[in-house]
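Peer 1: Here it is, the structure in full.
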């Protein structure tokens, strides 16, 4: 019964929020779609014995239909912009200069079918959120391929819940967390894996994968 307050908020956002305006981005904890702001509010106010209920759970953010492809043929630079930003209710990067934690996202694999010999720039923690992906050395042929699938581009972020930080779910344990998950009791290592995929939602092909790089 003590899990009831959390499970009450596991509901489809499309039942409450206008679909056309907001339902391009979804959050999941485990396999359950959640209204993440309600989960965050619950965590602020829950009883101490309930505070660790979602600790260590896999959280995902999926976004589709808000990508904009901007291609500069002369400079061979392709920019995948995300209108309105992506996963802004999640803290991906560490919050303190000297502490250990995820410092940037690095591309670990790029689909040559879509990007040819392109190279993806890192996504640094200088930004408050993820708003764009920059890819260099993209030839005209592959630039047009990406432009042609713009409406089908999907972004998927995945990580483990490490705490609550400034109104966002943290995928790490760096900084001054309002709620900190008991890492030792859950058997975590020093770092929590964070991954991001760019997907062609029509064919289900993965276009690129990124991983969080940990630094002191």
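Peer 1: Out of all the residues in the range 157-194, which are more than 20 Å from residue 42 (Cβ to Cβ), modelled with pLDDT of 90 or more and either touching a helix residue (DSSP H, G or I) at 6+ places or on another chain (Cβ under 7 Å) or surrounded by fewer than 21 Cβ atoms within 10 Å (Cβ to Cβ) (or both)?
Peer 2: Passing the criteria: only 158.
Peer 1: Restricting the search to the range 109-142, which residues are modelled with pLDDT under 95 and out of contact with any strand residue (DSSP E or B) (no Cβ under 6 Å at 6 or more places or on another chain)?
Peer 2: 126, 127, 128
Peer 1: (1) within 21 Å of the chain's Cα centre (by Cα); (2) at pLDDT 95 or above; (3) on the phi > 0 side of the Ramachandran plot: which one isn't true of residue 76, the others all being true?
Peer 2: Looking at each condition in turn, residue 76 falls short on (1).
Peer 1: Which ones in the range 52-81 are part of a strand (DSSP E or B), touching a residue at least 40 places away in the same chain (Cβ under 8 Å) and over 25 Å from residue 163 (Cβ atoms)?
Peer 2: Matches in the range 52-81: 64, 67, 68, 69, 71, 77, 78, 79, 80, 81.
Peer 1: Would you check which residues across the range 195-216 are at pLDDT 95 or above and either under 16 Å from residue 67 (Cα atoms) or outside any strand (DSSP E or B) (or both) and list them?
Peer 2: Correct list: 196, 197, 198, 199, 200, 201, 202, 203, 204, 206, 207, 208.
Peer 1: Of everything in the range 9-51 that's in contact with a strand residue (DSSP E or B) (Cβ under 8 Å, 6 or more places away or on another chain) and in a helix (DSSP H, G or I), which residue is modelled with the lowest pLDDT?
Peer 2: Looking at residues that are in contact with a strand residue (DSSP E or B) (Cβ under 8 Å, 6 or more places away or on another chain) and in a helix (DSSP H, G or I), I get 13.
Peer 1: Spot the failing condition for residue 96; the list is (1) under 18 Å from residue 213 (Cα atoms); (2) surrounded by fewer than 22 Cβ atoms within 10 Å (Cβ to Cβ); (3) in contact with a strand residue (DSSP E or B) (Cβ under 7 Å, 6 or more places away or on another chain); (4) in contact (Cβ under 8 Å) with a residue 24 or more places away in the chain, and only one is missed.
Peer 2: (3)
Peer 1: Continuing with the same structure: Testing residue 125 on (1) free of Cβ contacts under 8 Å to residues at least 60 places away in the same chain; (2) within 17 Å of the chain's Cα centre (by Cα); (3) over 18 Å from residue 195 (Cβ atoms), one condition comes back false. Which one is that?
Peer 2: Every condition holds for residue 125 apart from (3).
Peer 1: Scan the range 80-100 residue by residue and report those that are on the phi > 0 side of the Ramachandran plot and modelled with pLDDT under 85.
Peer 2: The answer is 84, and nothing else.
The values are calculated or read from the model by the stated rules, or taken from the named source; none is laboratory data. The shown structure was predicted, so the numbers you read here are calculated from the model rather than taken from an experiment. Here Cβ is always computed from backbone atoms with ideal geometry, including for glycine, and neighbour counts include all displayed protein chains.
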